[in-house]
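Following: one structure in structure tokens, then a few remarks.
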Amino acid sequence: MFRGSSFHNLDSKGRLIIPARFRDVVKQSTVGGLMISKLDGALFCYTFEQWHKIEERILNMVATSENMRRFRRSFIGGAHECLLDKQARILIPPSLRQYAGLNKEVVLVGVLHYFEIWAKESWAQEHENLQDDMKNEDLRNEVAELGL
């Protein structure tokens, strides 16, 4: 499982060193790498096993609304296979870096079955937005249902 968040830097070629606590999860996978796609202004990173489960759920969906077709086209069509090199780095393709606004400073955020990569500035804005959203009673009630 991917947990916690941390700040990192991309190198000049767009490579990112996967931190040890995330690398251990990735290395448990049958393939030493990640499937990365784009959503919500960030990059979503999955082990190959988790990605396969997502593809299966999408394939088995009954709903074929225009919005779902567009989502599938963007999320699946925009996905890239990123293998770990010998230094435990992944090369993030330019199209994904551009989508997420990744330059140098990034934040990795563990979200249990996957982790997200955010531009540092975008993550700060997302965090601020969440603080504002937490003033909403409906969201507070949803969080309270978790027992927190």
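Condition check ((1) in contact (Cβ under 8 Å) with a residue 12 or more places away in the chain; (2) in a helix (DSSP H, G or I)) across all residues:
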residue	(1), (2)
His8	yes, no
Lys13	yes, no
Arg21	yes, yes
Val31	yes, no
Met35	yes, no
Lys38	yes, no
Glu49	yes, yes
Glu56	no, yes
Met61	no, no
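So that you can scan it fast, the table gives a plain yes or no per residue for (1) closer than 19 Å to Arg21 by Cα; (2) of a type in the set (A, V, I, L, M, F, W, C); (3) out of contact with any Leu (no Cβ under 9 Å at 6 or more places or on another chain):
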{"position": "His52", "(1), (2), (3)": "no, no, yes"}
{"position": "Met61", "(1), (2), (3)": "no, yes, yes"}
{"position": "Asn67", "(1), (2), (3)": "no, no, yes"}
{"position": "Arg72", "(1), (2), (3)": "no, no, yes"}
{"position": "Gly78", "(1), (2), (3)": "no, no, no"}
{"position": "Asp85", "(1), (2), (3)": "yes, no, no"}
{"position": "Ala88", "(1), (2), (3)": "yes, yes, yes"}
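Restricting the range 115-148 to residues that are surrounded by 12 or more Cβ atoms within 10 Å (Cβ to Cβ) and of a type in the set (A, V, I, L, M), the residue that is farthest from Ile18 (Cα to Cα) is Leu139.
Flag set for Thr64, criterion: among the hydroxyl-bearing types (Ser, Thr, Tyr) and out of contact with any strand residue (DSSP E or B) (no Cβ under 7 Å at 6 or more places or on another chain).
Per-residue answers, yes or no, for (1) more than 17 Å from the chain's Cα centre (by Cα); (2) polar (S, T, N, Q); (3) modelled with pLDDT under 95:
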residue	(1), (2), (3)
Ala100	no, no, no
Ile117	no, no, no
His127	no, no, yes
Leu139	yes, no, yes
Glu142	yes, no, yes
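Please enumerate the residues belonging to the range 89-103 that are in contact with a Phe, Trp or Tyr (Cβ under 9 Å, 6 or more places away or on another chain) and within 19 Å of Val26 (Cα to Cα). Passing the criteria: none in range. Number of residues in the range 30-68 that are of a type outside the set (A, V, I, L, M) and closer than 24 Å to Arg97 by Cα: the value is 16.
Here is a check on your reading of the model: is Leu59 under 25 Å from Leu130 (Cβ atoms) and out of contact with any Gly (no Cβ under 6 Å at 6 or more places or on another chain)? So Leu59 does not fit the description; no. When the range 45-88 is filtered for residues that are touching a Lys or Arg at 6+ places or on another chain (Cβ under 7 Å) and either within 18 Å of Thr30 (Cβ to Cβ) or crowded, with 16+ Cβ neighbours inside 10 Å (or both), the ones remaining, listed by number, are Gly78, Ala88.
The values are calculated or read from the model by the stated rules, or taken from the named source; none is laboratory data. The structure presented is a predicted model; accordingly, all values stated were derived computationally and were not measured. Positions of Cβ are generated from backbone atoms using ideal geometry, with glycine treated the same way; all protein chains shown enter the neighbour counts.
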